[in-house]
Each structure stands twice: as C-alpha cells, then as structure tokens.
Amino acid sequence: MIGQTNRKIRSGKLQRALRNNMSGAEQSLWNVLRGRRVSGLKFRRQHPFGKYILDFVCLENKLVIEVDGGQHGQQAVYDEIRTQELQVAGFCVLRFWNNEVLKEIESVKEKIGLVVQELQSHPPQPPP
C-alpha cells in the first residue's frame, strides 16, 4: 500500500496521542471492534496512512471506519477529498456520527457486519 506510513505523522507520535485521547464515541466503537469481535477481523485504531490518521481500519479487508463529531459539519469538502483518496487506494470508507455511535451502537455494529460480509464476497475496486 503506497504511503502507508507518513514520516511527519509518525515522527510526531500523533497517532499515539489520539489513541490516548479518544472521544467517547470512538471508545465505544473500539470496544465493539477490538479483539477480533467483528467477524474475526483485526482492526487497528488511529492508524497512519499517507497524510491521514484513520480512526479505525481493517487492513485485511481494506475497510476504514471514521467517527465524525460536530466539527466535521464544517469540513465536509475535506472529508469528501479524504474519502475519495482512500477509495483510490482501494479502501471502503464508512462514516458514523458521534451521536449515532453513542445512541445506536447496535445499528452501527449491524451495518459494519453487513459491510464486512459484502467486502469478503466482493472486495472494493478503486474508482476508474
């Protein structure tokens, strides 16, 4: 995977700081994903890829899960560019709002499970 490690991000240990200061929604979702609890898949949290740090990623299935807070309402264009760049790299990107994770965790788990099943039968293809 091209650009999986970004020297600037890695040298600043930003991902470690983000792991240590996860939001409540990120912590709730991590409790669902960690320990191969979803279809036996290994998820990583705050994983560097290119110029980004991904909230959660399963490298095996190329699935990225992002948890967005209120600040993402003002940065929709940035998020769209980020999603497109990840899709070009072959990733499938799922986005959930903080309140969705906190109030509807069962629905979030179900959606992730359905996407994982789909990815296992039809891996994502980069857009043309």
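The values are calculated or read from the model by the stated rules, or taken from the named source; none is laboratory data. From a predicted model like this one, the values you see are computed outputs, not experimental measurements. We place every Cβ from the backbone using ideal geometry, glycine too, and count neighbours over all the protein chains shown.
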Q. From the residues in the range 82-97 that are of a type in the set (D, E, K, R) and assigned to a helix (DSSP H, G or I), which one is surrounded by the fewest Cβ atoms within 10 Å (Cβ to Cβ)?
A. GLU85
**Q.** Any pair with Cβ under 8 angstrom, 6 or more apart, that starts in the range 52-75 at a residue that is within 10 Å of TRP97 (Cα to Cα) and ends at one that is modelled with pLDDT of 95 or more and in a helix (DSSP H, G or I)
**A.** VAL67/LEU29; VAL67/VAL101
Q. Going by the conditions given, is LEU102 more than 22 Å from SER121 (Cα to Cα), of a type outside the set (D, E, K, R), modelled with pLDDT under 85 and surrounded by 15 or more Cβ atoms within 10 Å (Cβ to Cβ)?
A. no
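Conditions (1) at pLDDT 95 or above; (2) touching a helix residue (DSSP H, G or I) at 6+ places or on another chain (Cβ under 9 Å); (3) not hydrophobic (A, V, I, L, M, F, W, C), marked per residue:
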site	(1), (2), (3)
GLN46	no, yes, yes
LEU54	no, yes, no
ASP68	no, yes, yes
HIS72	no, yes, yes
GLU110	no, no, yes
GLN117	no, no, yes
